Amino acid sequence: MTDVVVTRLIAASPATVFSFFTTAERWASWQGVDGEIDARPGGILQIRMPGGQVASGRFVEVIADERLVFTWGWEGEAPPVPPGSTTVVIELEADEAGTRLRLTHSALAPPPIAEHHRAGWERYLERLRIRAEGGDPGPDAPEPEQGGTAPQ
């Protein structure tokens, strides 16, 4: 199993960054087109992506403005990462420049699946940075298929 770690420095408070993970409307402003979020332990996480795929999981741990842990996977027929099969940890640390965000996505296998998710999180955390800093990353668009790997 492979872990993917992606970090970002975001010029916004931890409370602001945290809010983009805890309401469906704010989440959809940087990833996906809509969804359902109940940000409490056991609560649902479901994000519908622009190509129609649905990422889903459950919140495991929620510590306001500091840490979120949720399961992650893809709904549908025989997905390579089924719902609940992997875990994402979001850690937020106050910094003089704003917030240091560290995302760790655990239990991804085989390596092409991990690299696909790494590229996706890199892309989406950059969109989150833009949004949390008050910018507009534009509408989310489907990723083109490239033999099972995400675009660079």
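The values are calculated or read from the model by the stated rules, or taken from the named source; none is laboratory data. Computed from a predicted structure; not experimentally measured. Backbone-built Cβ (ideal geometry, glycine too); neighbour counts: all protein chains shown. Ligands, DNA and RNA are excluded from the accessible area calculation, which covers all protein heavy atoms including side chains. Shrake-Rupley method; radii C 1.70, N 1.55, O 1.52, S 1.80 Å.
The figures follow:
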{"quantity": "Inter-probe distance in nm under a simple model that places probes 7 Å from Cα toward Cβ, at Glu91 and Ser13", "calculated": "2.3"}
{"quantity": "Ser106/Glu75 FRET efficiency (R0 30 Å; Cβ-Cβ; nearest 0.05)", "calculated": "0.95"}
{"quantity": "Within the chain, helix-based [θ] at 222 nm, where runs of 4 or more DSSP H residues each add -39,500 (n - 2.57), nearest 500", "calculated": "-6500 deg cm²/dmol"}
{"quantity": "Ordering of 95-101, 122-128 by burial proxy (mean other Cβ atoms within 10 Å per residue, highest first)", "calculated": "122-128, 95-101"}
{"quantity": "Net length gained if the chain between Val5 and Gln53 were fully extended (0.36 nm per residue, minus Cα distance)", "calculated": "15.0 nm"}
{"quantity": "Shape call, segment 1-60: gyration tensor on alpha carbons, a/c limit 1.5", "calculated": "rounded"}
{"quantity": "Residues of segment 25-105: accessible area per residue with a 1.4 Å probe, Å²", "calculated": "48"}
{"quantity": "Label-point separation in nm, Thr23 to Glu126, each point 7 Å along Cα→Cβ", "calculated": "2.7"}
{"quantity": "Heavy-atom accessible surface of the chain: percent carbon and sulfur, 1.4 Å", "calculated": "51"}
{"quantity": "Approximate spin-label separation Ala141-Glu66, in nm, with each point projected 7 Å along Cα-to-Cβ", "calculated": "4.1"}
